[in-house]
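These notes are about the structure you will find just below.
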Amino acid sequence: MSPAKRNLADGIEPMYASVGHEIPAGSGWTFEPKYDGVRVLAYIASSGVRLITRNGNDKARQFPEITHSLAELGIRLRQPFTIDGEIVALIGGDAARFQALQSRMHLKGANDITSAAEHMPAALVAFDILSDDRVNLTQLPWTERRERLESLFHGLATTRRGRATDSVAQHIRLSPTRRDGSAMLARARKQGWEGVIAKRTDARYSPGVRSDTWLKLKIDFEQEFVVGGFTEPRKTRQDIGALLLGYFDARGKLIYVGHMGGGFTRAGLKTMRQRLDRLVRKTSPFETEPHPNEPATWVKPTVVVEVKFSEWTADGRLRQPVFLGVRDDKAARDVTYEGVSVQRKIGG
């Protein structure tokens, strides 16, 4: 059955991956890098370009080099399309980790944004396509969607002349995909990726669904947590002692996972304190109130932070958590327990 000829509805959610615990067996899987950036659905049309995050924010203004490149590609293809991908920082032309993108996440001034695009460039790595020339492709299997996605880049390659087109190729990239999961995991470990995504090649794209036809195989203990409070600093430290972290369980309760004080710069501590001072509340937001060594100030659980840690302890706490950055692309209520993937199995 051919896909329906209609515009993909605004506000559609991306498809989400479940946590995988081993490399899936069988021939019906393909494997891609798990990028460590900002997930967006990119809408390209004659009316403009939008880069919509999972919580509905538009990042088009903050990443003009990506926006301009997508607009140029839309002009060359002479058709609208919607792609799923990840905004990543570029270091030496290669995709970097989330920390490298953090300095661009919250810029607002036009001059600051323009300067950042020049000196700290980013790219959109495309890994799926949802619509092509107003045709909804979500009901097609991954193999057919991949062919449609690759055709966009084939067109780009055949018209690569001059500086403008080179810029398009630099800031819009196609995620590689391979059928050998073990080899992809080995490459991920060697090159310092966050992990690998395994995808069923016969699976449809299911908007808003956390599906087991997409599996994230993580080689790092790194995920988002919600800030529920903070402690006052001691000795020479300023602004904040530690953040009190948690995640939401299936009942919507905030579960405490520990405190985190590492990974901040002095300026970062000051900015975080200013952010949290606006959210102060009288009571603990956690289901079970924690009792840190220093007095706690409770806050509304709306701030999401990216955290790297060494492991989960037996009592459900984070060991050696380190702050990586604030995430404004994810809603706090969507932050849940991810558990252990393949970290221990490959020495991550």
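The values are calculated or read from the model by the stated rules, or taken from the named source; none is laboratory data. Bear in mind that the values here come from a model prediction, so they are computed numbers and not experimental data. Glycine also receives a Cβ, built like all others from the backbone with ideal geometry; neighbour counts cover every protein chain displayed.
Side notes on the structure shown:
- Residue that is nearest to Ile240 (Cα to Cα), among those in the range 263-283 that are small (Gly, Ala, Ser) and surrounded by 12 or more Cβ atoms within 10 Å (Cβ to Cβ): Gly268
- Residue identified as of a type in the set (A, V, I, L, M, F, W, C), closer than 26 Å to Ala188 by Cα and in contact with a strand residue (DSSP E or B) (Cβ under 7 Å, 6 or more places away or on another chain) among Ala89, Ala25, Ala71, Ala60: Ala89
- Within the range 203-222, the only residue that satisfies the criterion of being more than 21 Å from Arg97 (Cα to Cα) and in contact with a helix residue (DSSP H, G or I) (Cβ under 6 Å, 6 or more places away or on another chain) is Ala203.
- Tabulated pairs, the range 70-86, first basic (Lys, Arg), second surrounded by fewer than 17 Cβ atoms within 10 Å (Cβ to Cβ) and assigned to a helix (DSSP H, G or I), C-beta under 7 angstrom, 6+ apart or interchain: Arg76/Gly155
- Residue list for the range 23-62, restricted to those being farther than 16 Å from Glu13 by Cα, in a loop (DSSP other than H, G, I, E, B) and without any contact (Cβ under 8 Å) to a residue 60 or more places away in the chain: Ala25, Gly26, Ser46, Ser47, Ala60, Arg61, Gln62
- Being of a type in the set (Lys, Arg) and over 23 Å from Tyr16 (Cα atoms) is a property that holds for Arg78.
- Leu51 being more than 22 Å from the chain's Cα centre (by Cα), buried (at least 19 other Cβ atoms within 10 Å of the Cβ), assigned by TED's automatic domain parsing to the domain that holds Trp142 and among the hydrophobic types (A, V, I, L, M, F, W, C): no
- Options Thr336, Thr302, Thr283; residue that is touching a helix residue (DSSP H, G or I) at 6+ places or on another chain (Cβ under 7 Å) and not assigned by TED's automatic domain parsing to the domain that holds Ala188: Thr302
- The range 63-94, residues that are hydroxyl-bearing (Ser, Thr, Tyr) and part of a strand (DSSP E or B): Thr82
- When each of Gly258, Gly252 is tested for being crowded, with 21+ Cβ neighbours inside 10 Å and modelled with pLDDT of 95 or more, the lone residue that passes is Gly258.
- Ile113 satisfies every condition listed in (1) under 24 Å from Thr271 (Cα atoms); (2) at pLDDT 90 or above; (3) out of contact with any Pro (no Cβ under 7 Å at 6 or more places or on another chain) except (3).
- Looking across Asp202, Asp239, one residue alone is surrounded by fewer than 19 Cβ atoms within 10 Å (Cβ to Cβ), over 17 Å from the mean Cα position of the chain (by Cα) and of a type in the set (Asp, Glu). It is Asp202.
- Number of positions in the range 178-191 that are surrounded by fewer than 18 Cβ atoms within 10 Å (Cβ to Cβ) and over 18 Å from Arg97 (Cβ atoms): 6
- Qualifying residue in the range 91-102 (condition: among the charged types (D, E, K, R), touching a residue at least 24 places away in the same chain (Cβ under 8 Å) and within 22 Å of Gln223 (Cβ to Cβ)): yes
- From Ile87, Ile83, Ile91, residue being out of contact with any His (no Cβ under 9 Å at 6 or more places or on another chain), closer than 22 Å to Leu324 by Cβ and modelled with pLDDT of 95 or more: Ile87
- Subset of the range 89-147 (residues that are of a type in the set (D, E, K, R), more than 18 Å from the chain's Cα centre (by Cα) and closer than 24 Å to Glu224 by Cβ): Lys108
- Every listed requirement among (1) surrounded by 21 or more Cβ atoms within 10 Å (Cβ to Cβ); (2) assigned to a loop (DSSP other than H, G, I, E, B); (3) under 18 Å from the mean Cα position of the chain (by Cα); (4) of a type outside the set (S, T, N, Q) is met by Pro301 save one, (3).
- Of the strands (runs of 3 or more DSSP E) lying entirely inside the range 211-265, those containing at least 2 residues that are within 30 Å of Ser182 (Cα to Cα) span 222-231.
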